[in-house]
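Quick notes on the structure that follows.
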């Protein structure tokens, strides 16, 4: 079944943990957004892993260089996954993958900014990454013509383990699962909801019901 990942794009550790506490019963992966890590540093990774040792902690570094070094930093701080940008060179991805193997952790390639996401996803899977995030960032989503259907269609064609991030909500979650995505990443649909726990529960139930 498709796993549910919450992307926490808050700026304070205490706020991130408070949100995670509300939604933890319904999510599989806790993503610490790039702004949160830049604001709070590596300590937020350790704090989150200590608070939720049974959850996978996803450090959204969006690394573009020094893949081995930044992967080591993330994994030593308690992360289970680190993101490397798909737009960077293969050497950076390979360096991170090599370190991930030593820690028994995972590298996720983020395709934000990549023109041909399907092609790059297929390429980087061969490098040993765990899955590829087909990602439309906030700026891309702000385009009035943007539709998550683009990512859903790409996921269906990719033929490799992928996650989808960029507008996952109650209206799109079932289509995301049908695309074959191994992870559905919900950000604003959860942290921006009036009741984040109810929102996360609804998304999880939609994933569960669609495979029943």
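Bear in mind that the values in this text are calculations on the coordinates, not laboratory data. Given the structure is predicted, the values throughout are model-derived calculations rather than measurements. Neighbour counts are summed over all protein chains in view; Cβ atoms, including those assigned to glycine, are modelled from backbone coordinates with ideal geometry.
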| task | Considering only the stretch 69-107, state which residues are within 16 Å of residue 5 (Cβ to Cβ) and in a strand (DSSP E or B). | result | 81, 82, 83, 106, 107
| Can you name the number of the only condition in (1) touching a helix residue (DSSP H, G or I) at 6+ places or on another chain (Cβ under 8 Å); (2) closer than 23 Å to residue 87 by Cα that residue 187 fails? | (1)
| task | Residues being crowded, with 20+ Cβ neighbours inside 10 Å, over 21 Å from residue 203 (Cβ atoms) and within 15 Å of the chain's Cα centre (by Cα): count how many of those fall in the stretch 6-39. | result | 1
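Within the stretch 56-68, does at least one residue satisfy the condition of being part of a helix (DSSP H, G or I), in contact with a strand residue (DSSP E or B) (Cβ under 7 Å, 6 or more places away or on another chain), in contact (Cβ under 8 Å) with a residue 24 or more places away in the chain and closer than 23 Å to residue 157 by Cα? Spell out the reasoning first.
Within the stretch 56-68, the first condition is being part of a helix (DSSP H, G or I), and the residues that meet it are 67-68.
With the extra rule that they be in contact with a strand residue (DSSP E or B) (Cβ under 7 Å, 6 or more places away or on another chain), the set shrinks to 67.
Now drop any that are not in contact (Cβ under 8 Å) with a residue 24 or more places away in the chain, which leaves 67.
Pick out the ones that are also closer than 23 Å to residue 157 by Cα and you get none.
No, the stretch 56-68 contains no residue that is part of a helix (DSSP H, G or I), in contact with a strand residue (DSSP E or B) (Cβ under 7 Å, 6 or more places away or on another chain), in contact (Cβ under 8 Å) with a residue 24 or more places away in the chain and closer than 23 Å to residue 157 by Cα.
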| said: Looking at residue 134 and the list (1) in contact with a strand residue (DSSP E or B) (Cβ under 7 Å, 6 or more places away or on another chain); (2) within 26 Å of residue 43 (Cβ to Cβ), which single condition is not satisfied? | reply: (2)
| message | Cβ-Cβ under 9 Å, sequence separation 6+ or interchain: first residue in the stretch 128-153 and without any contact (Cβ under 8 Å) to a residue 12 or more places away in the chain, partner in a helix (DSSP H, G or I). Which pairs? | response | 138/188
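Tell me which residues, restricted to the stretch 75-91, are over 24 Å from residue 49 (Cα atoms) and surrounded by 21 or more Cβ atoms within 10 Å (Cβ to Cβ). Walk me through how you get there before you give the answer.
Going residue by residue through the stretch 75-91, those that are over 24 Å from residue 49 (Cα atoms) are 86-91.
Scanning the stretch 75-91 gives a single hit, 86.
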